[in-house]
Amino acid sequence: EMEKKCRTTVHPHQLHDQGQGTMSECTVMPKAKRRMVTSLSWMMMISSALLSNDAPTMCHAFTAPQPSCHVSIAIPPRLQQYQIGHHCRSHRRHHLQMSTKPSSTDTPSLIEAKVQQPQDRSTAQELVSNTICPNNEERDRNIAAMEAYNDKEDGSRTRTFTNDDPRSEYTYGEFPFDSFDSLVDRALDFVTYHENHPCNTMVDLGSGSGRLVFYAALTRGGGIQSKAEAEGKSCWNVHGIEIGTQLHSLAVNSLHRGVENGWFQYSDNHTNNQNNNDQPSRIAFYNGNALLTDDPYFTTPSNTINDKGITTQDSIRSILSSTNLLFAYSTVWETNPTRPFDPELQAMILSPKWSGTLASLCPNGCVAITTDRALNPEDGWKLVDRMDVGNPSVWGSVGYISVLEK
């Protein structure tokens, strides 16, 4: 009934791109000025009209006709993701349409490349944050990470979330580069190197859109002084394993950007790099479940056969069996149901599905970095160090470094 009272015409004029958002001026009714602060849906409708290329656009306003006034609206980048589906006429509503989700139909479950231009840490952070995985696309990454909340039958999304929802384990987060470096640098002091595997093999478990994988591949083995380089281990193979098909698609798209800019070069010969320390560092992304089991919220292509005739599941198993450094942003991962907190370690303990499974898949001597949850010593993981690191999204994190002793 309120919608039938009047309509307000919004003209998208004086649009200026300010970088941090679009500042526009439109004509609205006085009551609408007050109501738009409390009505998110109304704000999104007005924002959509302002961003439309067609003008003027008719919008329904929940107010009665009164003399108009001018209101300046700051449209943040995240609201610019919305677009007008079509004009509303008469008493029709606007139909808002989200920006297109990343398509994973034609995305390979395994993709590999080699590093063409190693970078120092500062430069690499700028490249990843501005070009490869731009900060202004974080909203797209968050939307892709909601895949676990989609209903598999009709494609709709669950609207109600609770604290005990098991899908909270798939919450997406972006770990700071500097904190990542601090933990990896310390973990390298415990890594054991073997003559038959001169390259470091690093795995980012739950790699998401690949930010840390790109960063590690660009910075490690390319002039960064470390124990590995001191022993001649300047070659790094960095792997990202991600269960979400949409996040994996974003990682593949970002790799393509890196290839276009000359930082990476596509490769399908990763195995030949294992025993050749003169080869450049490599990067690879796998779309699958690291636990090698069926997941109730994802339909990952675990049985997909790549161009080498190997299934994705077997590829993940092979990589985990040869890794000597594992990283997991495990802050929201499931804890041990019988003993979530270990008073001796003074740490939350990861569930058996993580501690036990990784102990069975990873080789003896593998060094694992986990955040805010430690791997269970009962499964053979010896905690050798812990470190407080910055992580603004959760007001700081504790990194646990464990060594597998089978």
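Values computed for the structure shown
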item: Hey, Thr370 open to solvent by less than 20 Å² (accessible area, probe 1.4 Å), closer than 22 Å to Ser168 by Cβ and either touching a strand residue (DSSP E or B) at 6+ places or on another chain (Cβ under 7 Å) or of a type in the set (A, V, I, L, M) (or both) or not; result: yes
item: Check on Gly221, surrounded by 21 or more Cβ atoms within 10 Å (Cβ to Cβ), at pLDDT below 95 and outside any strand (DSSP E or B); result: yes
item: Residues located in the stretch 288-324, provided they are among the small types (Gly, Ala, Ser), modelled with pLDDT under 80 and crowded, with 18+ Cβ neighbours inside 10 Å; result: Ser302
item: Test result for Ser351, in contact (Cβ under 8 Å) with a residue 40 or more places away in the chain and among the small types (Gly, Ala, Ser); result: no
item: Any hit, the stretch 201-214, residues being open to solvent by less than 10 Å² (accessible area, probe 1.4 Å), modelled with pLDDT of 95 or more and in a helix (DSSP H, G or I); result: yes
item: Strands (runs of 3 or more DSSP E) fully within the stretch 301-406 counting 2 or more residues that are more than 24 Å from Ser209 (Cα to Cα); result: 381-389, 397-404
item: Yes/no for Thr371 being within 20 Å of Asp204 (Cβ to Cβ), within 22 Å of the chain's Cα centre (by Cα) and touching a residue at least 40 places away in the same chain (Cβ under 8 Å); result: yes
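The values are calculated or read from the model by the stated rules, or taken from the named source; none is laboratory data. Please read these numbers as outputs of a predicted model, since none were measured by experiment. Neighbour counts run over all protein chains shown; Cβ positions are idealised from the backbone, glycine included. Note: areas computed on protein heavy atoms with side chains; ligands, DNA, RNA excluded. Shrake-Rupley method; radii C 1.70, N 1.55, O 1.52, S 1.80 Å.
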